[in-house]
1. Mind listing whichever residues of the stretch 132-173 are under 9 Å from the mean Cα position of the chain (by Cα), open to solvent by less than 10 Å² (accessible area, probe 1.4 Å) and among the polar types (S, T, N, Q)?
2. Inspect the stretch 12-25 for any residue being within 29 Å of residue 386 (Cα to Cα) and either in contact with a strand residue (DSSP E or B) (Cβ under 6 Å, 6 or more places away or on another chain) or outside any helix (DSSP H, G or I) (or both) and give the result as yes or no.
3. Which of the numbered conditions does residue 350 fail, given that it passes all the others? Conditions: (1) modelled with pLDDT under 90; (2) more than 23 Å from the chain's Cα centre (by Cα); (3) loosely packed, with under 15 Cβ neighbours inside 10 Å.
4. Residues of the stretch 84-100 being over 21 Å from residue 244 (Cα atoms), hydrophobic (A, V, I, L, M, F, W, C), part of a helix (DSSP H, G or I) and open to solvent by 10 Å² or more (accessible area, probe 1.4 Å), which ones?
5. Would you please name the residue that is farthest from residue 375 (Cα to Cα), looking only at residues in the stretch 425-438 that are surrounded by fewer than 21 Cβ atoms within 10 Å (Cβ to Cβ) and at pLDDT 90 or above?
6. Among the residues that make up the stretch 265-277, is at least one of them modelled with pLDDT of 90 or more, closer than 26 Å to residue 68 by Cβ and open to solvent by less than 90 Å² (accessible area, probe 1.4 Å)?
7. For the stretch 382-416, how many residues meet the condition of being of a type in the set (A, V, I, L, M) and either loosely packed, with under 10 Cβ neighbours inside 10 Å or out of contact with any Phe, Trp or Tyr (no Cβ under 7 Å at 6 or more places or on another chain) (or both)?
8. Might you check whether a residue that is under 29 Å from residue 79 (Cβ atoms) and open to solvent by 30 Å² or more (accessible area, probe 1.4 Å) occurs anywhere in the stretch 176-194?
Amino acid sequence: MRFKEKIAWFLAMGGLLFFHFYRLQLHTLNFPNWGDDYAFLELLDYVQKHDWKENVNYIFHFHNNIHRIAYSRIWILIQYALLGHLNFKTAIILANVQLVLILIPFHWFLQKIKRSPWHLVGIAALLLAPFGNIDNFNLIGVLQHTGSILFLVWIAYGLFYAENQVWFIILALFYPFVSTEGLAFLPMVGYVLWTKKSHLKIPFTVFALAVIVFYFHDYVGSASSTGQVTWSLFKGLFIFLGNWALPISDSFRASINFLAGIPVLLFFTWKILGSFRINITFPSLLFLQIAATGLLICYGRSGMGDLELIALSDRFLLYGNTMLMAIYCALIFHKHQTLRLPWALLLSGTWMIASFFMARRPLQEMYQRWTADLLGAYYFQSSSAYECPPETMQLLKKTYYRFDTEEIPRQFPEFSVQKTSPINPIINRFQEGRLSLSWNQIPEKTNVTDQRFVVLAQENTPEKKYYITSLSNDYTDRTKHSKLLIFNTLPMAHFQVFLLNLPNNQYPTYQYLSALTITNQGQLLR
């Protein structure tokens, strides 16, 4: 490229990356966003009380009885060693640098097949498409799932374009300790090495078997799979393969994803088997691993609930972006099938813009929920989003974590019942500790930037308990919803319900809504 074209290329790539990291800065909090994030606080608590041998064992031990997330734990320990504490917001932003590292093998791939470097801008637009990056705003998500894509892309590139080097073999053997789907990639790596008659095929096979034996040598987890191959399993797989589809309809999202997964499967089946012999390339290997990941998720979690909802989870959306990058690379792989550069950039750019608009509302809802968790932990030492025992909440008071005072309101109100007409929920359900409330008479926000929450004060206890949760779907002329976790052990629990308004850089205000009574049989009374 000429000098001016290089400047334009760097500006385009820099603009895409700046846009992504700016949104991270805007929408992340220094707080564990999921219950799984507390595992990193438990890690720091553990390593300070044990010797190095016990710490090494702990780094590789199971998380949630199935995942060995050694990569994520090592990442957190390095940050803690450098900074002296765990800042979740900083950790999330640093972990997102993995996205930049993912682009490097794609840049080398374009050089190998002699395509314009401008194609990297199109690939980056697909990788950084906002809707597919919602999981990158969670620490456990960005470390485990983005880390998985990072290892996948580097190993796949090494297999085809650095086959006589050892570094990608080391990455492949460590891949299962990034995310469990790394186990499924070991046979694929072995197959490519044996078909290429690589001199590394035998050493890799021996070490891969050793990794698999080590991974399961002390496995004691309970079964989360039904062990049956059913239509719902394959339906979930197709939905997973269609995770690149934007949610143009919430009601038909599962159906749209299902239909989107079919052409992907047909396209890569043609690419791999179209010449009546197996032909695996760099982009088709990406597809095979994503398909294997989807199969593992659907089969492994078939006993945990609705597979459609599991496959549609935000934590798997980046796999959809990666699928789009695999399709993009497959379309430019052969010269006679090359997707022309102007069309490629137009399509990928349009997709990224559409993805931005699709991501705005779910990201706002997630940020609202994260803020509710933060306020609940800081003021009430409780969580209403997930089960969090007191000993876990105490980890937030350790020396290695500090609340960011800029994320906490300067003053929090003392909630008291006001003599006003009650605003009762139109729908209320309480099942297995999960309370769901809906309203259609709550006054609209005076400022669209305000955040509003629902606060429940439980009165018939020795010490009043407070639960705070976000008010979702808080838009004009919409039915508002709240969901929170309450473990009610009393025969009858009495609550007062308040609406908390949190304006930007101002003192919070509140409004009394109604009284609510929950029995331990799951009945709700007004």
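1. Matches in the stretch 132-173: 133, 136, 138, 146.
2. The answer is no, given that none of the residues of the stretch 12-25 is within 29 Å of residue 386 (Cα to Cα) and either in contact with a strand residue (DSSP E or B) (Cβ under 6 Å, 6 or more places away or on another chain) or outside any helix (DSSP H, G or I) (or both).
3. (1)
4. Across the stretch 84-100, the qualifying residues are 93, 94.
5. Result: 438.
6. No - not one qualifying residue is present in the stretch 265-277.
7. 3
8. Looking for residues that are under 29 Å from residue 79 (Cβ atoms) and open to solvent by 30 Å² or more (accessible area, probe 1.4 Å), one finds none in the stretch 176-194, hence no.
The values are calculated or read from the model by the stated rules, or taken from the named source; none is laboratory data. Values in this document were obtained by computation on a predicted structure and should not be read as measured data. When we count neighbours, we look across all protein chains shown, and the Cβ atoms used for this are built from the backbone with ideal geometry, even at glycine. Ligands, DNA and RNA are stripped out before the accessible areas are found, and what is left, the full protein with its side chains, is counted by its heavy atoms. Shrake-Rupley method; radii C 1.70, N 1.55, O 1.52, S 1.80 Å.
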